[in-house]
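The structure appears right after this line, and notes come after that.
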Amino acid sequence: MEKDIIIIGGGLGGLMTGAFLAKEGYTVTVLEKNRIIGGGLQCFRRHGAIFETGMHILGGFMPGGSLYRICTYLGIWDKLNIRHTDADCIDSITFGAHGETYSLPRGREAFELYLANRFPNQAEGLHRYMDALWALSEEVDLFHLRLNNGDGLREYSEEFLMPADEFIAQYITDPILAELLAYMNPMYAGVAGHTPAYVHALINVLYINGSSMFVDGSQQMADALADVIISAGGCIHAGDAVRDITVEDHLVRRVTTQSGKTYTGHLYISDIHPCTLLTLLPENAFLRSYRNRLQEIPNSYSSFTVYIKLKADAHQPYINHPRYYQDGHGYVWQLGEYEEATFPRGFMLLTPPAKNQGKWADRMTINCPMPFSAVAAWADTTIGHRTPAYEAWKERMLRQVLDKLEILCPGIQADIEFCFASSPLTIRDYYGTKEGSLYGYNRDCKNMFLSQIPIATKVRNLLLTGQNINLHGICGVPLTAIETAESIVGKGNIVRKINEDKIQ
């Protein structure tokens, strides 16, 4: 068999796809433009402190969860240092203007009971909503690592592609509870009237079942996946971006990097944003209609992220779960909108765990949804070459985030040793994603054909993987990696082996 595979992009999708194929006996070469592999798994150090660039909160890593089973199958589970969030509070949500905080527990029954006690007149509708939520997740076999023995075509329920906000409104009449049930919007960039109910369902079921965090950063997962590839005879080349892809007779013949090195294989897999891929291919590689379609799909919003290192004598408590904040009610579906004077309307705060974590936090990360339009004036600049106007704007946004952070963490500004921020431009330039989108293409129930990109392309030996294809996030990307790998090794082969591994 022809088993040499070149993967363009060393993010979670590329590394996970490469690990599955390496385990199947393929020789995998991963080409990553950054010096550090991992994409959203990347970590960096600033004055000795470890910060994560992307992955903050994990779903599916509880025993028996999909990621737990995948990592066990790949032989990397024991290499990961994972800390589960508290059973009595996987997430808290604070509405600043109203002084309300809700603390949501782990597990379907506990989650429902907590909200039913807070909203007793909604108990019946809440129960029906939870039933419907789980029913939607059951329609996606791969989400549960189940074999689908059909022909790939199936009819989904009427609610599957309903707008998520309308799906909630079918069962919930209290606007505050309806907003609470959508609080995970920043985990999938939800947009009212457009985000499909199944996306809302998969994310919520995933995290309600239990969430986790990496101890001392997510780079460990990237390195563990790289070890699977390398131990099987593959290799990872980082810090040398692909410059162009040569296509002849509808086949990729070679890829060339910025340093002039060339790589050839039998199959090529792209883990980069499809619009970035287009810039590497000859214009005639794809039909104009396909190129236009890739360019026209709306991207999810980006993020303004603040990183904080606390003083050694600071007494900000370590909190073993994410904390969500909103200025008040009515913003959960508008978090991706931007007005400088009111930014941020909401954010997610995390105190990342460290080895031998004690009572007090030593770091904080604050993720604030932000559209690329907020930084469009500086779109032509690059890292290290931003304008003074951009730096002044970024400093203003940083101060506004810190001012609102005081609501959750009184006295925080006096406890900061140093802090800094990244913007959608930072994400765009480091990850190579169009408009710095956090979750790639938006899934739009009003036009699912536009936002669904198949794994196979018209270039016969070029396949796609990553968060722009099918599902996004720490769970969705590995599931997409399975689909990409199975398009090579045979449908169901990897899922079957994961299930056999579970039985053993």
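Values as computed for the structure displayed
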quantity: Accessible area in the full protein assembly, largest first, 1.4 Å probe, for CYS235, CYS275; calculated: CYS235, CYS275
quantity: Packing-based order for 247-258, 168-179, using average beta carbon neighbours within 10 Å, highest first; calculated: 168-179, 247-258
quantity: Interchain or long-range residues, amide H under 5 Å from GLY11's placed H; calculated: GLY38
quantity: Percent carbon-and-sulfur accessible area, the chain, ignoring ligands, DNA and RNA, probe 1.4 Å; calculated: 50 percent
quantity: Per-selection metrics, the chain (Cα): Rg and Dmax in Å; calculated: 22.2, 67
quantity: Solvent-accessible area per residue for the chain (1.4 angstrom probe, square angstrom); calculated: 40 Å²
quantity: For segment 402-458 versus segment 247-289, the gap between their alpha-carbon centres in whole angstrom; calculated: 27 Å
quantity: Considering only the chain, percent of DSSP beta bridges that pair antiparallel, nearest 5; calculated: 70 percent
quantity: Segment 134-228 shape via C-alpha gyration tensor axes, a/c threshold 1.5; calculated: oblate
quantity: Long-range lysine pairs (8 or more apart or interchain), segment 261-376, Cα under 30 Å; calculated: 4
quantity: Point-charge dipole on Cβ atoms (K/R +1, D/E -1) for the chain, about Cα centre, debye to 20; calculated: 1260 debye
quantity: In degrees, nearest ten, helix 123-138 long axis to first principal axis of the chain (Cα); calculated: 10 degrees
quantity: Helix-only CD estimate at 222 nm, as mean residue ellipticity for the chain, using -39500 (n - 2.57) per DSSP H run (n ≥ 4); calculated: -9500 deg cm²/dmol
quantity: Per-peptide average of other Cβ atoms within 10 Å, ordering 394-404, 293-303 highest first; calculated: 293-303, 394-404
quantity: Charge dipole magnitude, Cβ of K and R +1, D and E -1 - segment 34-115, Cα centre, debye nearest 20; calculated: 580 debye
quantity: Acute angle (nearest 10 degrees) that the helix 197-208 long axis makes with the longest principal axis of the chain, alpha-carbon atoms; calculated: 70 degrees
quantity: Overall form of segment 231-384 per C-alpha gyration tensor (a/c, 1.5; a/b vs b/c); calculated: oblate
quantity: Pairwise FRET efficiency - ALA192 versus ASN117, Cβ, R0 = 25 Å, nearest 0.05; calculated: 0.35
quantity: Cα gyration tensor category, rounded, prolate or oblate, for segment 414-504 with a/c compared to 1.5; calculated: oblate
quantity: Relative packing of peptides 406-412, 10-16, 221-227 - highest average C-beta neighbours within 10 Å first; calculated: 10-16, 221-227, 406-412
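The values are calculated or read from the model by the stated rules, or taken from the named source; none is laboratory data. All of these numbers come straight from a predicted model, not from anything done at the bench. Methodologically, a virtual Cβ is constructed for each residue, glycine included, from the backbone with ideal geometry; neighbour enumeration extends over all protein chains shown. When the accessible area is computed, the model is the full protein with side chains, heavy atoms only, and any ligands, DNA or RNA have been set aside. Shrake-Rupley method; radii C 1.70, N 1.55, O 1.52, S 1.80 Å.
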